[in-house]
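A.B. asks: The structure under discussion is supplied below as structure tokens; questions concerning it will follow.
Taken together, the values in this text are just the output of simple stated rules run on the coordinates, not laboratory data. In this text the structure is predicted, and so the values were computed from the model without any measurement. Here the Cβ positions follow ideal geometry from the backbone for every residue, glycine too, while neighbour counts run over all protein chains shown.
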Amino acid sequence: MISELQVSPTPLLQVIHQEITDVGGAIPFRRFMELALYHPQHGYYASGRARVGKEGDFFTSVSLGSIYGRLLASVCRDVWERLGKPTEFTIVEQGANDASMAADILGAIAGVGDSFNQAVRLVIVEPYQANRDRQKQKLAAFKNVTWASSLEELPEFTGIHLSNELLDAFPVDSLRWNGSAWEEECVVQEAEELRWDRRPITTPELLAAAENLPKNLPQEFRIEINQGIQPWLSTLHAKLKRGVILTVDYGQAGEDRYAPHRADGTLLAFKKHERFNDPLPEPGLRDITAQVDFTTLARSAREVGFEILGYSDQHHFLVGAAEPWLRSLGDFTDQSDAARQDLSALQTLLNPGSMGIQFKAIALGKDFPSEPSLGCFKYQRPGVGAL
């Protein structure tokens, strides 16, 4: 099947064509996604082209205002208190984009000005200079902010690692069920166009992953495999002395991963808030995402030594995180304009019809007390048992 019309040639397209030629006619979809998002000069994220919000390509929870970051600041405080209020507490953010979330978190913490504020250090994991420049400008008013170019360069830390819509941008392998076996989808070229093709799985890692997949699905069912999660978790476990890994993303767990309406997988591309089902056109100019398999993530986390502290849809996660703030507001009918704006943004974040159910939060702990649960998981649904 030829991809939808290549709307316009991109500098990256020539690079991809050349690589396809060099390797004999086809590259795994995972490699295509890696080039489209992370090619050093032309990749969507590496080039700094990615933009969030009304003027960008897509919305995130951070786009709605500072309330999301302020609630995450309260989660960070909760983690700090459960750790015994250490004098140095590190917040690591990975996938920070322009650092808006980090600025909201630090602003909320600095606004209290207590011993927690004195303990906090922020480290942003950011490999790309274009993004670093934007982040440094955004965070210029805050002290104790440093950068690491990779998780491997991150010093050991006690605290919390935060990521929001990070894992959905990890390059994935795409598999199709042919009725008797799983096959690997790859990208080939026909004339000047990119198109999909498939071939038998040959790599041992992908073969092992395919062995764990159901074999009773309809023919042509597509599933994405995120091989990057296991090494990511392993590195984080080695770097974290004590604390929590908290990631929020959209995805599913359990049998919901194989629901009939997901028969064509979860791969999507976004540009200027338009959604595309085919991720191949305009490489480097569109965001490409695949939803997170939280069951596989949880299994991998346990294998490397983490404990699963909580798993919840965003609605119930944020209800738990926001409860102290909501109680402090008193009479909702007599609020400032700022409070009403925050409440409106929170309502959108909680909306079961959009972000509230689609997004999930999972917390992984290392040498961290599991009882009582963190406040943000007080009302967790569907809960760890769903994994």
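A.B. asks: Sort Thr158, Thr289 by Cβ crowding within 10 Å, fewest neighbours at the top.
C.D. replies: Details: Thr158 20, Thr289 25.
Least to most surrounded, the residues fall as Thr158, Thr289.
A.B. asks: A follow-up question, please. What's the Kirkwood radius of region 267-355 in Å, using all Cα pairs? Each step should come with its number before you reach the end.
C.D. replies: Working: mean 1/r = 0.0595 Å⁻¹.
Averaging 1/r across every pair of different Cα atoms and inverting gives 16.8 Å.
A.B. asks: To continue, here is another question. To the nearest 0.05, what FRET efficiency results for Glu211 and Asp337 with a Förster distance of 45 Å applied to their C-beta separation? Before the final figure, lay out each step's value.
C.D. replies: On the way: r = 57 Å, r/R0 = 1.26.
After rounding, the FRET efficiency stands at 0.20.
A.B. asks: Against the longest principal axis of the chain, how steep is helix 100-112, in degrees 0 to 90 to the nearest 10, with axes from Cα atoms?
C.D. replies: Taking Cα atoms only, the helix is inclined about 10 degrees.
A.B. asks: Determine, at each q value in 0.14, 0.15, 0.16, 0.25 (inverse angstroms), the log₁₀ of I(q)/I(0) that the Debye formula gives when each Cα of region 186-243 is one equal point scatterer.
C.D. replies: Taken in order of the listed q values, log10 I(q)/I(0) reads -0.64, -0.70, -0.76, -1.11.
A.B. asks: If one computes the Cα centroid of region 89-140 and of region 177-248, what distance in Å separates the two points?
C.D. replies: Each part reduced to its Cα centre gives a spacing of 32 Å.
A.B. asks: Long-range amide H contacts for Val120: which residues qualify at under 5 Å (H placed 1.01 Å from N, peptide plane, sequence gap of 5 or more or a different chain)?
C.D. replies: Phe89
A.B. asks: Using a 7 Å offset from Cα along Cα-Cβ at Glu220, what residues in region 272-290 end up with backbone N under 19 Å from the label point?
C.D. replies: Once the point is set 7 Å along Cα→Cβ of Glu220, 277-280 turn out to lie under 19 Å by backbone N, inside region 272-290.
A.B. asks: Work out from phi, with θ = phi - 60° and the Karplus expression 6.51 cos²θ - 1.76 cosθ + 1.60, the ³J(HN,Hα) of each residue of region 187-192, listed in order in whole Hz, and give x for Gly and Pro.
C.D. replies: Once rounded to whole Hz, the list reads 10, 10, 10, 9, 6, 9.
A.B. asks: Could you check the spin-label model distance between Ser63 and Glu193? Points 7 Å from the Cα along Cα→Cβ, value in nm.
C.D. replies: Here the modelled spin labels are 3.0 nm apart.
A.B. asks: Where does each of Leu72, Leu35, Leu64 land when they are ranked from fewest to most other beta-carbon atoms within 10 angstrom? Spell out each step's value before the answer.
C.D. replies: Numbers: Leu72 27, Leu35 24, Leu64 19.
Least crowded to most crowded, the residues run Leu64, Leu35, Leu72.
A.B. asks: Quick check for me: using +1 on Lys/Arg Cβ and -1 on Asp/Glu Cβ, what's the dipole size of the chain about its Cα centre, in debye to the nearest 20?
C.D. replies: Details: 38 positive and 51 negative charges, 177 e Å.
Using only the charged Cβ atoms, the result is roughly 860 debye.
A.B. asks: Mind pulling the angle between the C-alpha long axis of helix 29-38 and the longest principal axis of the chain? Nearest 10 degrees, somewhere in 0 to 90.
C.D. replies: Relative to the chain, helix 29-38 is tipped by roughly 50 degrees.
A.B. asks: So which chymotrypsin sites (Phe, Trp or Tyr not before Pro) in region 27-96 end up in coil per DSSP with only 16 or fewer other C-beta atoms within 10 Å? Before the final figure, lay out each step's value.
C.D. replies: Working: sites: Phe29, Phe32, Tyr38, Tyr44, Tyr45, Phe58, Phe59, Tyr68, Trp80, Phe89; in loops: Tyr44, Tyr45, Phe59.
Here the sparse-neighbourhood loop sites are Phe59.
A.B. asks: So, R0 is 41 Å and r is the distance between the beta-carbons of Lys378 and Ala141; what FRET efficiency does that work out to, to 0.05? All intermediate terms of the calculation are to be shown ahead of the outcome.
C.D. replies: Values: r = 33 Å, r/R0 = 0.80.
Computed FRET efficiency for Lys378 and Ala141 comes out at 0.80.
A.B. asks: Tell me the net charge near Phe317. Cut-off is 14 Å between Cβ atoms, Phe317 excluded, with +1 for each Lys or Arg and -1 for each Asp or Glu. Can you show the working numbers first?
C.D. replies: Details: positive: Lys360, Lys378, Arg381; negative: Asp78, Asp249, Asp313, Glu323.
Net of charged neighbours comes to -1.
A.B. asks: Alpha carbon centre of region 337-356 versus region 359-386: separation in Å?
C.D. replies: The two parts, judged by their Cα centres, are 22 Å apart.
A.B. asks: Taking 0.36 nm per residue of separation and subtracting the Cα-Cα distance, what length does fully extending Tyr258 through Ile357 add?
C.D. replies: Values: separation 99, 0.36 × 99 = 35.64 nm, distance 1.73 nm.
Length gained, Tyr258 through Ile357: 33.9 nm.
A.B. asks: Once the mean 1/r over all distinct Cα pairs of the chain is inverted, what Kirkwood radius in angstroms do you read off?
C.D. replies: Numbers: mean 1/r = 0.0457 Å⁻¹.
Every distinct Cα pair counted, the radius reaches 21.9 Å.
A.B. asks: Oh, and also: Taking the chain, how many lysine pairs are there with alpha carbons less than 14 Å apart, if each pair must be eight or more places apart or span two chains?
C.D. replies: On the way: Lys54/Lys271; Lys54/Lys272; Lys239/Lys366; Lys241/Lys366.
Taking the chain as the scope, the lysine pair count is 4.
A.B. asks: Working from Cα positions, state the angle (0 to 90°, nearest 10) between the long axis of helix 229-239 and the longest principal axis of the chain.
C.D. replies: 40 degrees
A.B. asks: Using a 10 angstrom Cβ neighbour count of at most 12 plus a DSSP loop assignment to flag exposed trypsin sites (Lys or Arg not before Pro), which longest range of the chain is free of such sites?
C.D. replies: Values: sites that count: Lys54, Lys143, Lys215, Lys272.
Longest run free of exposed loop sites: 273-387.
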